[in-house]
Amino acid sequence: MTSRQQGRVKKWQDDKGFGFIETEAGESVFFHVSEFKAQRRPEVGEQVVFATGQDNQGRLQAREVQELRFVQKKMAEKNQQIRQRNRKRSTQADFEAGQKKRLFLGVGFYAVLVLLAVTDKLSWLVVGWYVALGFISYIIYAKDKAAAQNNDWRTPESTLHLLSALGGWVGAMVAQTYLRHKSQKPEFRMAYYLTVVINMAGLLFVLSGGQLRFLEALL
């Protein structure tokens, strides 16, 4: 059997159950109704797709005759499925790359804090504060996601933003990335970024000689 080709029904004898297909090359190919795959009778002039073979006497005839519209529809559906699958793979790849970048950013930030503390440019109290708030923020995000899934009492967004502004933004970032919680809401994301800016401003204030008496009192 050769590869599939396109043509049109040139002649059809319904009482005898056979007809002829005119190929794109202008040839006339016999086909029997048993080879027509649609749940109806063929119509003269309709476009079809078919393969060719030989009957028991070695004569050329069309096999597996299908409506062109049906084949085109199936091809379009298959292409759509392929595009959707590729988009999902691309989205997943981007998500995983984003996970690694955010985790690296969080670890890098803590590493900088430790380095500043080792060189006596930052109090170890500040380092401990950031680590503790980061851990607490992650836990609260996890509990809030579980509450959302179970329709339980939710943690107010203002509480989540307050934790980020006070220094828990790394834990919040990791939770948003790995738990996929609060990561799709634009308003929340903008407010989160604002809390990071506020916290960084506070850290710069401390590094520039700001007093830590309030932190020492809390600890």
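Each value in this text was obtained by applying a stated rule to the coordinates, not by laboratory testing. Quick caveat, the model's predicted, so the values are computed rather than measured. Every residue, glycine among them, receives a Cβ derived from its backbone with ideal geometry; neighbour counts consider all protein chains shown.
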Q | Alpha carbon centroid spacing (whole Å) that separates the stretch 117-158 from the stretch 13-28 | A | 75
Q) Between Glu187 and Lys143, what length in nm is gained on full extension when 0.36 nm per residue of separation is reduced by their alpha carbon distance? A) 13.8 nm
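Please tell me the relative contact order of the chain in percent, rounded to the nearest whole number, where contacts are Cα pairs under 8 Å and at least six residues apart. Kindly include the intermediate steps, with their values, before the conclusion.
On the way: 259 pairs, mean separation 27.8, N = 219.
Answer for the chain is 13 percent.
Could you pull out the GluC sites (Glu not before Pro) across the stretch 1-68 that fall in loop regions by DSSP (anything but H, G, I, E, B) with no more than 15 other Cβ atoms inside 10 Å?
Working: sites: Glu22, Glu24, Glu27, Glu35, Glu43, Glu46, Glu64, Glu67; in loops: Glu24, Glu27, Glu43, Glu46.
Filter output for the stretch 1-68: Glu24, Glu27, Glu43, Glu46.
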**Q.** Which label in [x] 73, 18, 12; [y] 29, 23, 17; [z] 28, 19, 17 gives the computed semi-axes √(5λ) of the Cα gyration tensor in Å
**A.** [x]
Q | Glu157-Gln81 FRET efficiency (beta carbon distance; Förster radius 41 Å; 0.05 resolution) | A | 0.60
**Q.** Cα gyration tensor category, rounded, prolate or oblate, for the stretch 1-71 with a/c compared to 1.5
**A.** rounded
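How about the stretch 1-70: which trypsin sites (Lys or Arg not before Pro) there lie in a loop by DSSP and see at most 12 other Cβ atoms within 10 Å? Could the numbers behind the result be given before it?
Working: sites: Arg4, Arg8, Lys10, Lys11, Lys16, Lys37, Arg40, Arg59, Arg63, Arg69; in loops: Arg4, Lys16, Lys37, Arg40, Arg59.
Here the sparse-neighbourhood loop sites are Lys16, Arg40, Arg59.
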Q: Using a 10 angstrom cutoff on alpha carbons, build the Gaussian network for the chain and name the most mobile of Gln72, Gln39, Gln149.
A: Gln39
Q: Taking H placed 1.01 Å from N in the peptide plane, check which residues at least 5 places from Leu122 or on another chain put their amide H under 5 Å from its amide H.
A: Ala117
Q) What is the spin-label model distance, in nm, from Gln13 to Lys121 if the labels are put 7 Å beyond Cα along the C-beta direction? A) 9.6
